[in-house]
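K.L.:
So that we are looking at the same thing, I have put the structure below in structure tokens.
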Amino acid sequence: MKLVITGTPGTGKTTVGKALAARLGVTLVEANGVARRAKCFKAGSRSEVDVMRLEKALQQELRGLRKGFVAEGHLLCEVRLACDACVVLRCNPAVLSKRLKARGYGRKKLGDNLLCEALDYCLLAAEARYPAGRVVQVDASKTTRLAGRVLAAAKLLEGDRVDWSGMVAEKRFQTLWKGL
């Protein structure tokens with residue numbers, strides 16, 4: 001199986017990717033690692049990734065993996081890789097906020113990521129790049145049996161219905177959205 005896992009930071013991509021690669025007996029390809037090794041950064045930047053260069057580097061790395069792979073990373077919604085399924089992990093912004101705060105995200109970075117999650121950014125970006133019907137979303141707000149749920153969604157090409165957009169107007173999130 002050739003599986004791409006993407007989503008907003010903090011949704012569980014790395015954890016699920018490791019579990020699925022081990023379960024399927026395939027190589028785990030971490031997009032961030034490929035970006036660092038292949039130096040896929042924009043001119044003058046040490047952190048901003050040039051997604052076109054990343055796509056080429058990933059395609060080259062995946063070329064020899066005949067047995068399949070699990071590729072994971074938040075930037076994978078910005079590239080197009082040959083795969084059986086692209087799974088977008090989603091997470092309730094209230095849960096995601098706690099996860100990202102625990103990682104030490106500052107207010108702006110936290111707000112940006114919560115807004116992207118609430119407005120389906122990764123889902124819409126993936127749907128624009130991957131073939132119709134190959135993109136599914138899985139609610140990763142609860143981590144119970146998440147790897148199994150992701151694998152089932154990828155095999156069936158049928159995921160969860162997720163819509164956090166109504167949260168953008170909620171008072172508890174308005175302070176995060178201000179100043180973005």
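K.L.:
Hey, any idea what % of the chain's accessible area is carbon plus sulfur with a 1.4 Å probe?
P.N.:
Roughly 50 percent of what the probe reaches on the chain is carbon or sulfur.
K.L.:
Also, I was wondering about something else. Any idea what the dipole of the stretch 1-147 comes to, in debye rounded to 20, about its Cα centre with Lys/Arg Cβ at +1 and Asp/Glu Cβ at -1?
P.N.:
500
K.L.:
Another one. Need the list of aspartates and glutamates near LYS155 for cross-linking: C-alpha distance under 12 angstrom, and skip anything on the same chain fewer than eight residues off.
P.N.:
Hits, sequence-local ones excluded: ASP84.
K.L.:
Can you list residues from other chains, or at least 5 along the same chain, whose modelled amide H is less than 5 Å from the amide H of PHE41?
P.N.:
Placed amide hydrogens put ASP50 under 5 Å from PHE41.
K.L.:
In degrees from 0 to 90, rounded to the nearest 10, what is the angle of the helix 107-118 Cα long axis to the longest principal axis of the chain?
P.N.:
The two axes meet at around 70 degrees.
K.L.:
Where a Cα-Cα gap under 22 Å defines reach, which lysines qualify for LYS42, not counting those fewer than 8 residues away within the same chain?
P.N.:
LYS56, LYS108, LYS109
K.L.:
If you count only protein heavy atoms with a 1.4 Å probe, what accessible area per residue comes out for the chain, rounded to a whole Å²? Kindly include the intermediate steps, with their values, before the conclusion.
P.N.:
Numbers: 9660 Å² over 180 residues.
Result: 54 Å² of accessible area for each residue.
K.L.:
Using alpha carbons only, how many degrees (0 to 90, rounded to 10) separate the axis of helix 13-24 from the longest principal axis of the chain?
P.N.:
30
K.L.:
Label the stretch 56-112 by shape, choosing from rounded, prolate and oblate, from the square roots a ≥ b ≥ c of the eigenvalues of the Cα gyration tensor; if a/c is under 1.5 it is rounded, and otherwise prolate applies when a/b is larger than b/c, oblate when it is not.
P.N.:
The shape class here is prolate.
The values are calculated or read from the model by the stated rules, or taken from the named source; none is laboratory data. The model shown is predicted, which means the values in this text are computed figures rather than measured ones. Glycine gets a Cβ as well: all are built from the backbone with ideal geometry, and neighbour counts include every protein chain shown. Each accessible area value is taken on the protein alone, full model and side chains, heavy atoms only, with ligands, DNA and RNA left out. Shrake-Rupley method; radii C 1.70, N 1.55, O 1.52, S 1.80 Å.
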